[in-house]
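I have placed the structure first, in the form of structure tokens, so that the comments after it can refer back to it.
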């Protein structure tokens, strides 16, 4: 897996593509920064509806952003890595894996992370039951044995460099495998439905994606959990900062007051989730409407524990992200992060620190 290289041509293409996009599943509309109203920010994620971004959706629908006089408009790309769209100016805020931002930060791209949301590596790995039985593993097996069980499989990801791709490579290495030699990683666009279709049609033997897609695979498509990253992660990933909000340095310089309001709304949502999980569950039942009761119960149980209590990241989380990134780069013969690359280089905490004061 190579690093993300942002070129002017690629960034322009991304901006044009995002501007033309419609958020299909949730009818999310993109409003670019140039068209934004004075108290408005736009936010972008890779898929339209997921537990990974649900804290932002909860803040939006429960009025936590509005309490700060802010409107946040949402859009999705249905592709895994979107830093090019952020740099192109197609959005104010980008949600995604922290290490995706760090990859381009060490290449001197003008991006800063401003808040965290999820501190579980909440992309789960499922494989076909027969593959697990053939390898003699269950979800309770040692991490190394489960990683080794991926040998020879075709595994769906959301794209090179995205969180699911990172996790598959990580657990394969824990099992003594070389990812690009010992398995086939298959990028699949189109979100959970496309991933499940590929599994059903035999195009892949398993995949890495968040709940409820992983839950649905185990309930209807003959798959079993290999790694449920909320309830049974590798021990070293129990407090892994997975999903963060990032902005360009230009946005940080020009829209600081709005970013503080954004961080405050996010902090209120996270605190509400932990203070009243029953209320969050009822909201989620409506937000993920159409999900069968049994599937919803499984999905909620597997996701209610993924959210941070406070959106302020810690140096320990950064150190783990950096270790994860360093190993990724080493194994694909890419230069390591500079020794000087620090927590302060990755994060601009002015907005979140101001936002949580007095809460």
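Computed from the coordinates by the stated procedures, all read-outs in this text should not be read as laboratory data. Computed from a predicted structure; not experimentally measured. Cβ sites come from the backbone with ideal geometry, for glycine too, and all protein chains shown count toward neighbours.
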Taking the highest mean first, how do the peptides 114-126, 173-185, 42-54 order by number of other beta carbon atoms within 10 angstrom per residue?
-> 114-126, 42-54, 173-185
Return the FRET efficiency for the residue pair residue 253, residue 359: r is the Cβ-Cβ distance, R0 is 25 Å, and the value is rounded to the nearest 0.05.
-> 0.50
Decide, for the chain, between rounded, prolate and oblate: order the square roots of the alpha carbon gyration tensor eigenvalues as a ≥ b ≥ c, take rounded if a/c falls under 1.5, and otherwise choose prolate if a/b is larger than b/c, else oblate.
-> prolate
Please state the relative contact order of the chain as a whole percent: Cα pairs under 8 Å, 6+ residues apart?
-> 24
Here, segment 124-237 modelled as identical Cα point scatterers in vacuum has Debye log10 I(q)/I(0) at q = 0.18, 0.19, 0.23 Å⁻¹ of -0.80, -0.90, -1.42
Longest principal axis of the chain (C-alpha) makes with the long axis of helix 8-19 (C-alpha) an angle, in degrees to the nearest 10, of 80
Answer rounded, prolate or oblate for segment 192-332, using the Cα gyration tensor with square roots of eigenvalues a ≥ b ≥ c: rounded when a/c is under 1.5, else prolate when a/b is larger than b/c, else oblate.
-> oblate
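Using Cβ contacts closer than 10 Å as the measure, can you line up 195, 172 from fewest to most? Mind dumping the intermediate values first?
Numbers: 195 29, 172 25.
Listing 195, 172 from fewest to most nearby Cβ atoms yields 172, 195.
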Sticking with the crude label model, points 7 Å out along Cα→Cβ, report the distance from residue 289 to residue 184 in nm, one decimal please.
-> 4.0
